[in-house]
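The values are calculated or read from the model by the stated rules, or taken from the named source; none is laboratory data. As the structure is a prediction and not an experimental result, all values here were calculated from the model. As a convention, Cβ positions derive from the backbone with ideal geometry for all residues, glycine included, and neighbour counts pool all protein chains shown.
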């Protein structure tokens with residue numbers, strides 16, 4: 001059990017000093033992830049002569065979708081490894097090391113380094129991301145009223161890293177050399193690890209696992225951990241070696257098609273088996289409501305997470321990136337969502353409280369519907385912009401107001417759905433499967449990232465207006481279904497609001 005340091009420790013804006021350690025750890029991890037993500041699809045599609053990888057947009061979109069989805073899928077085994085073997089404290093540190101190695105691999109001038117680097121980042125993120133959040137909760141005693149505010153401060157660290165990263169890596173990667181941008185995010189993760197170790201003394205016992213003293217149990221755990229890590233490494237390294245040696249041709253499209261089946265089959269099988277367990281009628285209803293929210297979230301993230309693919313390409317190829325006469329790298333657009341989140345999150349918190357005080361706050365399913373609607377409206381806004389590009393011919397670019405509007409609408413949608421969804425998972429899940437349901441929430445995000453990357457791969461295949469209209473239509477239709485299902489979903493939720 002974590003040492004109760006929260007009662008007396010108020011040295012970080014009234015919160016435990018350890019919160020600052022975790023705040024900056026997550027800030028630098030998000031700096032690493034979003035900094036690399038801002039460069040990734042542009043680097044992959046840039047010509048070899050410019051230092052890029054010379055991929056087609058279709059190939060790059062498929063690989064981008066695989067990578068960003070795996071970053072979320074690995075959160076499931078990452079939490080299990082921490083609970084069973086390493087503890088959250090060690091998992092965060094080792095995860096950060098693996099992330100840094102992965103980023104440095106991306107900076108190497110070798111094909112193998114690129115693919116191995118992406119795999120290592122996905123594994124490292126799976127170890128770090130879920131467990132650093134777990135440690136934040138461990139800083140507070142069960143009845144500490146500062147807990148929610150502490151998570152809000154922590155969430156600002158996430159967005160601060162996401163805001164800063166594209167400015168640094170975008171400038172280095174786009175204006176000097178792509179590999180220098182990837183090297184910079186690796187350095188950022190090293191900074192995070194250094195301050196994590198230096199600030200560990202403020203964490204008390206948070207995240208420390210007390211292993212069994214039984215030598216038989218210890219040996220069994222160590223063996224299982226060794227086998228697991230070896231298998232994970234082999235899953236990354238062996239296919240790359242076989243592919244690069246020419247012994248076996250493993251195309252990105254083949255992996256993409258396999259993962260598409262996994263993302264469809266896995267939740268169906270999981271929920272099918274889950275419903276066969278002995279639940280009360282109320283618990284079955286709440287699990288059914290979770291399924292509704294899972295599907296809605298996957299569709300939302302499928303649209304929203306095109307920020308790094310479709311919208312990134314649109315910003316680079318078709319937007320006049322000039323403000324006050326100053327031309328800026330297109331990757332800087334990847335910071336605007338974080339800026340809007342930092343600005344608007346307190347506003348939305350105030351709005352929900354005001355509406356709740358008058359019994360007018362929208363229910364969770366209504367907020368999900370609003371999230372889907374706003375993310376769709378963002379793409380609808382780009383339809384006339386695509387028309388301007390078509391009418392103007394080759395070389396035409398549109399102004400920055402279009403993407404500003406898109407990201408504003410998408411941020412509003414995110415604030416309606418993302419924090420609400422996290423809260424709903426914890427309230428709806430039966431007590432003994434709360435952890436599993438959080439894993440399902442991350443699986444929804446993984447599915448959405450997979451969809452978003454592959455839609456981005458269609459950037460050169462179909463007219464942009466058709467792509468944007470199709471994404472709007474899908475999101476709007478999902479929003480309409482969500483609104484229609486509100487009364488039924490509320491009944492499934494029972495007493496949970």
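For region 362-459, please list each of the helices (runs of 4 or more DSSP H) lying entirely inside it that holds at least 3 residues being at pLDDT below 90 and in the same structural domain as residue 338 (by TED's automatic domain parsing).
Fully inside region 362-459 and qualifying: 401-428, 434-456.
Of the numbered conditions (1) over 19 Å from the mean Cα position of the chain (by Cα); (2) modelled with pLDDT under 90; (3) closer than 19 Å to residue 60 by Cβ, residue 330 satisfies every one except a single condition; which is it?
(2)
Residues are listed down the side, and each one gets a yes or a no for (1) under 25 Å from the mean Cα position of the chain (by Cα); (2) crowded, with 16+ Cβ neighbours inside 10 Å:
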{"site": "314", "(1), (2)": "yes, yes"}
{"site": "323", "(1), (2)": "no, no"}
{"site": "339", "(1), (2)": "yes, no"}
{"site": "349", "(1), (2)": "yes, no"}
{"site": "358", "(1), (2)": "no, no"}
{"site": "369", "(1), (2)": "yes, yes"}
{"site": "378", "(1), (2)": "yes, yes"}
{"site": "384", "(1), (2)": "no, no"}
{"site": "395", "(1), (2)": "no, no"}
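From 260, 288, which residue is in contact with a helix residue (DSSP H, G or I) (Cβ under 7 Å, 6 or more places away or on another chain) and either surrounded by 13 or more Cβ atoms within 10 Å (Cβ to Cβ) or modelled with pLDDT under 95 (or both)?
Answer to the selection: 288.
Which condition from (1) more than 15 Å from the chain's Cα centre (by Cα); (2) buried (at least 20 other Cβ atoms within 10 Å of the Cβ); (3) closer than 30 Å to residue 42 by Cβ; (4) touching a residue at least 60 places away in the same chain (Cβ under 8 Å) is the one that residue 105 breaks?
(4)
Take the conditions surrounded by fewer than 18 Cβ atoms within 10 Å (Cβ to Cβ), out of contact with any strand residue (DSSP E or B) (no Cβ under 8 Å at 6 or more places or on another chain) and under 24 Å from residue 65 (Cβ atoms) and apply them to residue 464. Does it pass?
No.
Which count do you get for residues in region 470-497 that are surrounded by fewer than 18 Cβ atoms within 10 Å (Cβ to Cβ) and under 27 Å from residue 391 (Cα atoms)?
Looking only at that region, the number is 3.
For region 5-52, what are the residues that are at pLDDT 90 or above, surrounded by 17 or more Cβ atoms within 10 Å (Cβ to Cβ) and not in a helix (DSSP H, G or I)?
46, the sole residue that qualifies.
Which one is farthest from residue 37 (Cα to Cα) among residues in region 134-151 that are assigned to a helix (DSSP H, G or I) and without any contact (Cβ under 8 Å) to a residue 40 or more places away in the chain?
147
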